[in-house]
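The values are calculated or read from the model by the stated rules, or taken from the named source; none is laboratory data. Treat the numbers as computed from the prediction; the structure is a model and nothing was measured. Please note: Cβ atoms are built from the backbone with ideal geometry, for glycine as well, and neighbour counts cover all protein chains shown. These accessible areas exclude ligands, DNA and RNA; they are computed on the full protein's heavy atoms, side chains included. Shrake-Rupley method; radii C 1.70, N 1.55, O 1.52, S 1.80 Å.
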Amino acid sequence: MSRCLSGDRVVSEGAVGFVLRGSFAVFDRNDLACVQLLGPGSTFGWEASLVPEHGPVHLLALLDSEWIELPASIPTQTMGTGWVERVFARHALDRMTALQAASACHAVHAVPQRVANLIRRLSHVSDADVRTTQAALAKAVGVQRTSVNASVKTLERAGALTVWRGRMRVRCRATLSQLACGC
């Protein structure tokens with residue numbers, strides 16, 4: 001089992017991972033764009049079980065997180081290539097659908113709505129407080145930290161959040177949901 005704190009970067013290579021607690025943003029090979037959000041019960045690294053030279057998976061912990069990893073060869077050896085291909089095909093389809101939805105969200109909704117939506121989503125998988133940094137949120141949303149800062153201040157003034165260093169407490173889920181894009 002592995003653990004990390006919010007804001008930590010994790011590079012997973014040659015392994016299939018299972019998120020037990022927390023949340024990660026997954027980035028492309030160049031570490032430029034967030035391509036997927038992972039919460040408890042999510043998996044990553046299936047590509048490596050079919051194509052060992054696939055390359056690493058770049059993760060950014062949005063919350064304090066725990067996960068387990070196993071060598072990518074184990075699922076194939078244990079269950080066979082056909083089974084892994086079916087699981088990976090389903091996983092790839094889910095990722096493609098999520099990417100399409102995220103692209104549409106970025107095209108249609110303003111930064112404050114997207115930030116509110118991310119905080120809303122993180123609050124569902126975190127403890128009482130969302131323990132994260134504005135820098136981690138900015139990286140996941142794909143904007144500068146100052147944009148996240150302004151968005152968080154707006155949410156705080158609206159009564160949706162209470163914010164202090166490295167933590168946010170959702171004070172009113174209804175207000176947060178109303179200000180979020182809902183994607």
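Quick notes on this one:
- Every residue from the range 19-71 that is open to solvent by 10 Å² or more (accessible area, probe 1.4 Å), in contact with an Asp or Glu (Cβ under 6 Å, 6 or more places away or on another chain) and not in a strand (DSSP E or B): 54, 56
- When residue 91 is tested against (1) free of Cβ contacts under 8 Å to residues at least 24 places away in the same chain; (2) touching a helix residue (DSSP H, G or I) at 6+ places or on another chain (Cβ under 6 Å), exactly one condition is not met: (1).
- One residue stands out in the range 6-18 among those that are closer than 23 Å to residue 142 by Cα and free of Cβ contacts under 8 Å to residues at least 60 places away in the same chain: the one that is most open to solvent (accessible area, probe 1.4 Å), namely 9.
- Qualifying residues in the range 132-145 (those that are farther than 17 Å from residue 113 by Cβ and out of contact with any Gly (no Cβ under 6 Å at 6 or more places or on another chain)) - the one most open to solvent (accessible area, probe 1.4 Å): 145
- For residue 104, the conditions (1) in a loop (DSSP other than H, G, I, E, B); (2) more than 22 Å from residue 59 (Cα to Cα) are fulfilled apart from (1).
- Residues that are under 17 Å from residue 167 (Cβ atoms) and surrounded by fewer than 17 Cβ atoms within 10 Å (Cβ to Cβ), drawn from the range 98-124: 124
- Count - residues of the range 72-86 that are open to solvent by less than 40 Å² (accessible area, probe 1.4 Å), in a helix (DSSP H, G or I) and out of contact with any helix residue (DSSP H, G or I) (no Cβ under 6 Å at 6 or more places or on another chain): 1
- Scanning the range 70-87 turns up no residue that is acidic (Asp, Glu) and either modelled with pLDDT of 90 or more or in contact with a Phe, Trp or Tyr (Cβ under 7 Å, 6 or more places away or on another chain) (or both).
- Qualifying residue in the range 150-172 (condition: over 20 Å from the mean Cα position of the chain (by Cα), outside any helix (DSSP H, G or I) and on the phi > 0 side of the Ramachandran plot): yes
- Lone unmet requirement of (1) within 17 Å of residue 109 (Cβ to Cβ); (2) open to solvent by 50 Å² or more (accessible area, probe 1.4 Å) for residue 181: (2)
- Taking first residues from the range 156-173 that are under 14 Å from residue 115 (Cβ atoms) and partners that are surrounded by 12 or more Cβ atoms within 10 Å (Cβ to Cβ) and of a type in the set (Val, Ile, Thr), the Cβ contacts under 6 Å between residues at least 6 apart in sequence or on separate chains come to 156/163; 158/175; 160/175; 163/152; 168/130.
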